[in-house]
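Heads up: the structure comes next, in structure tokens.
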Amino acid sequence: MGHAVDAHRLHFAFTVTFHYIFPQLTMGLALLLVYLKTKALRTGDEHYNRAARFWAKIFGINFAMGVVTGIPMEFQFGTNWAEFSKSAGGVIGQTLAMEGVFSFFLESSFLGLFLFGEKKLGRIGHWISAFLVWLGSWLSGYFIVATDAWMQHPVAYRVGANGQIELASFWGLLLNKWALWQYAHTMLGAAQTGCFVMAAVGAFYLLTHRDEAYGRTFVKGGVLVGIVAAVLQLFPTGDMQGKLIATHQPVTLAAMEGLFESRDGAPLAILGQPDVEHRKLDNPLEIPRMLSFLTYQKWKANIKGLNDFPEDLWPDRIEMVYYSYHIMVGLGTIFIAVMALAALQLWRGKLFESRWMLWLLMLSVPLPYIANTAGWITAEVGRQPWLIYGLMRTVHGSSPRVSAGNVWFTLLGFMGMYSVLAILWLFLTWREIELGPEHTGHLPEPASNAGDDQEPKLGAEVRNRS
Amino acid sequence: MGTLWFCLVALMIVIYVLLDGFDLGAGAIHLFVAKTDEERRQVLASIGPVWDGNEVWILAAGGTLYFAFPALYASGFSGFYLPLMIVLWLLILRGTSIEFRNHIHSPVWDPLWDFLFCSSSLLLCVFFGAALGNVVRGVPLDASGYFFEPLWTNFQLGDELGILDWYSILVGVLALAALVVHGALWVTLKTTGTVRDRSLRLASQCWWVVLLLTLVVTFLTFRVQPAIAGQFRKASWGAIFPLLAIAGLLGVRWAIARADELKSFFASAIYLAGMLFSVVFGLFPMVLPARNPAYSLTIENSQAASYGLKVGAIWWILGIILATGYFAYVYKSFTGKVIVGKHSDD
């Protein structure tokens with residue numbers, strides 16, 4: 001059984017990690033598309049419409065990748081985690097079904113209109129469709145985070161006579177305070193991915209002296225939204241998330257910090273390698289008393305270490321929790337620094353000429369992906385050994401009849417298929433960046449010819465390519 | 001309350017089949033009705049703006065099934081582990097084929113994606129049909145409420161069941177034929193010229209296959225799953241569903257003969273809906289029949305607690321009204337025949 005559970009865990013971990021590469025960008029870009037369309041609407045400058053059209057193409061590729069890699073996630077609750085689904089489906093099925101009914105229909109309908117209907121919809125109509133795509137994707141994020149938040153911090157449930165977990169309060173589930181903070185934190189992370197990608201493409205254009213007007217728009221948009229998101233990521237959302245963990249998952253907090261001994265005035269470890277076997281942190285570089293202060297605003301507050309919890313409540317991969325948390329926080333701090341520097345240069349009017357800053361922005365592009373992934377690993381591995389915190393252990397949640405061999409078969413299948421997809425995705429995204437915003441490509445050019453009395457139907461424009 | 005959700009989930013699945021059915025069918029005939037690049041872009045353009053939204057229905061139906069019948073979701077999805085994973089791979093291949101194809105124009109790029117799009121669509125039709133065949137035939141559930149079926153064993157309906165046996169394969173072939181007709185009629189409706197003519201001819205020819213297989217499979221189904229006949233005897237008003245299917249099937253012939261594109265497509269939709277509702281009605285109140293009837297999953301023993309079902313009904317109705325609105329708007333925006341421009345370099 002334990003054998004198969006590990007395979008099921010790896011299966012979900014691999015597919016969800018790959019999946020989340022795409023939504024974090026599309027949720028971030030959706031926001032920036034609204035920004036560009038708003039600029040276009042307010043200034044009446046066609047430049048911003050062309051900029052939006054360029055990003056819509058990159059959005060389209062990533063959205064398709066997100067959709068096709070997202071479908072397996074919903075299926076896996078049933079295929080791989082049947083015992084969990086049977087017990088808790090009446091609760092988390094609510095949020096998952098609401099995602100389908102409220103977000104996916106909205107998102108897919110208006111994305112079709114946004115991508116293919118610019119001419120028909122007019123300026124305001126097209127702005128509205130961009131806005132609804134943003135709304136759909138951010139709603140989708142909420143339902144998924146609310147689902148995860150319930151697993152992190154189960155509320156609004158009761159255990160029925162047959163041992164099934166039943167929903168007790170609809171609004172309790174939707175307004176779980178864990179969900180609210182986790183959502184804000186997650187979406188800011190997605191916004192940062194969008195901002196860093198947009199700024200990096202802009203920096204690339206400026207550094208290579210091509211499409212410089214667009215380069216400036218992209219860098220400026222990415223930095224302006226990015227600095228706000230980077231700061232809010234740390235405070236208040238990251239801070240509140242940490243406090244929730246300290247209150248409700250204290251053993252996870254100890255694992256994240258690599259704190260073995262309970263102590264008053266616990267230090268914050270900046271660097272160091274946890275040695276779980278000997279229960280200590282090697283080569284620690286610490287800020288004295290900082291952890292106590294950050295958690296309780298008291299320099300001398302007591303923080304419980306791992307030693308004071310029974311080992312069967314420890315997350316089963318302490319090192320992974322520790323490193324992923326530190327990577328997330330470290331990168332988050334770097335993002336604030338990079339964005340603040342860029343914003344300062346922008347304010348001084350020197351950003352577009354300051355080559356070192358543009359280089360820095362361009363090279364930073366993989367970092368938000370790493371930070372977002374590390375954040376999710378912290379949350380999900382930190383939740384172990386629980387599948388539903390305090391209610392159901394992970395070992396009890398998987399499908400009883402699905403053997404490890406079958407799981408490995410499909411896991412390897414996904415690995416192979418996703419490797420090919422990853423190559424194609426990089427290739428096509430790079431190609432769009434290389435072709436640049438002036439390339440009208442396969443999406444319709446909205447400026448219609450005056451003499452064109454017979455306006456082609458919308459579907460016709462779909463496949464117009466160069 | 002459970003019965004209401006049974007009907008709603010069935011309705012969502014039927015809507016999924018009617019909508020994604022035509023774009024799956026269009027994919028399955030892609031290589032056969034469209035030969036040149038321009039013709040192929042016509043087929044793709046006919047489903048371009050809508051296929052993704054159509055596919056959302058399976059996600060929404062899956063989610064609804066999940067919260068309304070968690071025990072069914074757990075048992076069915078883990079029992080059909082392998083075929084569902086294959087369906088996922090095919091859906092991934094198909095979605096990326098449609099999306100990736102139009103980014104590059106090259107003699108080594110387009111045909112590859114055309115082939116993958118067509119073959120994955122075709123296999124999906126067969127697999128969905130085979131899945132339905134499995135549900136109708138019943139699965140080897142035991143007292144634990146779980147089962148696991150390998151992909152195939154000896155292709156017999158004996159003790160060692162596989163997903164693919166002669167019955168489920170036959171249902172798969174019927175599903176393919178029916179969706180080919182459905183998809184071909186959609187392409188006929190949306191295109192002009194050679195593609196339209198080929199599609200109409202294909203639908204017309206394939207109709208005979210559907211007729212033949214419908215008769216054969218219906219006859220066999222009453223033998224494979226005796227509960228269905230019992231249900232129709234018990235509540236004879238249910239005969240309306242098979243009658244609907246027959247009317248739809250004959251309607252397709254009638255409309256094809258008069259070259260009425262719109263009516264033939266809707267008649268095909270009526271046929272599909274009639275067939276699916278017949279099955280749903282025949283199995284009621286079972287949601288997943290077991291080979292040993294004592295272990296069948298029913299509405300009663302697989303539904304979620306009543307509070308969740310009640311609040312679910314409120315938001316579900318609200319959400320579906322909104323979704324219907326979006327769909328009406330999108331389809332209205334994309335009405336009429338598609339016109340595919342030549343490549344802009346000419």
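Under a point spin-label approximation (7 Å from Cα along Cα-to-Cβ), what is the A:A213-B:T324 distance to one decimal in nm?
Placing both labels 7 Å along Cα→Cβ, they lie 4.8 nm apart.
Roughly how big is segment A:1-123's charge dipole about its Cα centre, with Cβ charges of +1 (Lys, Arg) and -1 (Asp, Glu), in debye to the nearest 20?
The dipole magnitude comes to about 640 debye.
Would the protein assembly as shown count as rounded, prolate or oblate if I go by the C-alpha gyration tensor, calling it rounded below 1.5 in a/c and otherwise prolate when a/b exceeds b/c, oblate otherwise?
Taking the square roots of the gyration eigenvalues as a ≥ b ≥ c, the protein assembly as shown is oblate.
Name the residue, out of B:V50, B:V108, B:V135, whose mean-square fluctuation peaks in a Gaussian network model built on chain B with Cα pairs under 10 Å.
Sorting by GNM fluctuation, first place goes to B:V108.
Using +1 at the Cβ of each Lys and Arg and -1 at the Cβ of each Asp and Glu in chain A, identify which of A:G222, A:V68, A:S419 lies farthest towards the dipole's positive end.
Sorting the options by dipole projection puts first A:G222.
Positive end of the charge dipole of the protein assembly as shown (Lys, Arg +1 and Asp, Glu -1 on Cβ, about the Cα centre): tell me which of B:A269, B:A45, B:G282 has its Cα farthest that way.
Farthest towards the positive end: B:A269.
Could you give the distance between the Cα centres of segment A:206-265 and segment A:295-322, to the whole Å?
With segment A:206-265 and segment A:295-322 each reduced to a Cα centre, they are spaced 22 Å.
What does the extension gain come out to for A:R355 and A:R158, with contour length at 0.36 nm per residue minus their alpha carbon separation?
Stretched fully, the A:R355-A:R158 segment lengthens by 65.0 nm.
Under a 5 Å amide H to amide H cut-off, with H placed in plane at 1.01 Å, what residues pair with B:V139 once short-range neighbours are removed?
Answer set, sorted by chain and number: B:A290, B:R291.
If one computes the Cα centroid of segment A:77-109 and of segment B:127-149, what distance in Å separates the two points?
The two parts, judged by their Cα centres, are 22 Å apart.
For a label point 7 angstrom out from the Cα of B:E300 toward its Cβ, which stretches of segment B:59-81 have the backbone nitrogen within less than 17 Å?
It comes to B:71-72, nothing else.
Give the order of A:H209, B:H30 when sorted by the count of other beta carbons within 10 angstrom, beginning with the fewest.
Lowest count first: A:H209, B:H30.
FRET efficiency for A:S169 and A:V228, Cβ-Cβ distance as r, R0 = 41 Å, nearest 0.05?
The computed FRET efficiency comes out at 0.75.
Going toward the positive end of the dipole of segment B:140-285, with +1 on Lys and Arg Cβ and -1 on Asp and Glu Cβ, which of B:L243, B:W254, B:A184 do you reach last?
Selected residue: B:W254.
For the protein assembly as shown, what is the charge dipole size about the Cα centre, in debye to the nearest 20, if Lys and Arg each add +1 at the Cβ and Asp and Glu each add -1 at the Cβ?
The calculation lands at about 1320 debye.
Can you work out the PRE-style zone for B:A235? Point 7 Å along Cα to Cβ, and I want the residues of segment B:279-320 with backbone N under 18 Å.
Those under the cut-off are B:279-289, B:297-303.
Placing one identical point scatterer on every Cα of segment B:2-333 and ignoring solvent, what is log10 I(q)/I(0) from the Debye formula at q = 0.08, 0.11, 0.12 Å⁻¹?
Calculated log10 I(q)/I(0) at the listed q: -0.37, -0.72, -0.86.
How would A:K57, B:K310 line up from fewest to most surrounding beta-carbon atoms within 10 angstrom?
Fewest to most other Cβ atoms nearby, the residues stand as B:K310, A:K57.
Per residue of B:98-110, count partner chain C-beta atoms within 10 Å of its C-beta, then hand back the mean as an integer.
Neighbouring Cβ atoms belonging to other protein chains average 4 per residue here.
Given the DSSP H assignment, sum -39500 (n - 2.57) over each helix run of at least 4 residues in chain A and divide by its residue total; what's the result at 222 nm in deg cm²/dmol, nearest 500?
Mean residue ellipticity, 222 nm, calculated: -23000 deg cm²/dmol.
With a Förster radius of 22 Å, plug the Cβ-Cβ distance of B:V311 and B:T3 into 1/(1 + (r/R0)^6) and report the FRET value to the nearest 0.05.
0.80
So how much slack lies between A:A340 and A:L41, counting 0.36 nm per residue of separation and subtracting their Cα-Cα distance, in nm?
Roughly 104.8 nm would be gained on extension.
Whose amide H sits under 5 Å from the amide H of A:N302, counting only residues 5 or more places off or on another chain, with H placed in the peptide plane?
A:G265
Per residue of segment A:414-423, what does 6.51 cos²θ - 1.76 cosθ + 1.60 with θ = phi - 60° give for ³J(HN,Hα)? Whole Hz please, x for Gly and Pro, Karplus curve as stated.
5, 4, x, 5, 5, 4, 5, 4, 4, 5
Straight-line reach only, C-alpha to C-alpha below 24 angstrom: list the lysines that A:K243 could link to, leaving out same-chain residues fewer than 8 apart.
A:K177, A:K280, A:K298, A:K300, A:K304
Each residue of segment A:56-66 in order: what ³J(HN,Hα) in whole Hz does its phi give by Karplus 6.51 cos²θ - 1.76 cosθ + 1.60, θ = phi - 60°, with x for Gly and Pro?
Ordered by residue, 3J(HN,Hα) equals 4, 5, 5, 4, x, 4, 5, 5, 4, 4, x Hz.
Please compute, for peptide B:35-45, the average count of beta-carbon atoms on other protein chains lying within 10 Å of each residue's beta-carbon.
Partner Cβ neighbours, averaged per residue: 2.
What are the ³J(HN,Hα) values, in whole Hz, obtained from phi via the Karplus relation 6.51 cos²θ - 1.76 cosθ + 1.60 with θ = phi - 60°, for each residue of segment B:63-76 in sequence order, with x given for Gly and Pro?
Using θ = phi - 60°, the values come out as x, 5, 4, 4, 7, 7, 10, x, 5, 5, 4, 5, 5, x Hz.
Comparing B:E38, B:E55, B:E149, which has the greatest mean-square fluctuation in the GNM of chain B with Cα pairs linked when under 10 Å apart?
Checking each option, the largest mean-square fluctuation is seen for B:E38.
Could you give the size of the charge dipole of chain B about its Cα centre, using +1 on the Cβ of each K and R and -1 on the Cβ of each D and E, expressed in debye and rounded to the nearest 20?
The dipole magnitude comes to about 920 debye.
List the chymotrypsin sites (Phe, Trp or Tyr not before Pro) within segment B:54-111 that DSSP assigns to loop and that have no more than 15 neighbouring Cβ atoms inside 10 Å.
B:W109
Ignore the peptide's own chain and count Cβ atoms of other chains within 10 Å of each Cβ in A:110-118; give me the average, rounded.
That works out to 4 on average.
Once you have the Cα-Cα distance between A:T17 and A:W408, take 0.36 nm times their residue separation minus that, and quote the gain in nm to one decimal.
Contour length minus the Cα-Cα distance gives 139.1 nm.
Among the lysines in chain B, how many pairs, 8 or more places apart or on different chains, have alpha carbons under 21 Å apart?
Pairs that pass both the separation and distance tests number 9.
If we count other beta carbons within 10 Å of each Cβ, what is the order of B:T96, A:T43, A:T79, fewest first?
A:T43, B:T96, A:T79
Every number in this text was worked out from the coordinates using simple rules, so none of it is lab data. This one's a predicted model, so the numbers in the text were calculated from it and none came from an experiment. In this analysis, Cβ positions are derived from the backbone assuming ideal geometry, glycine residues included, and neighbour counts consider all displayed protein chains.
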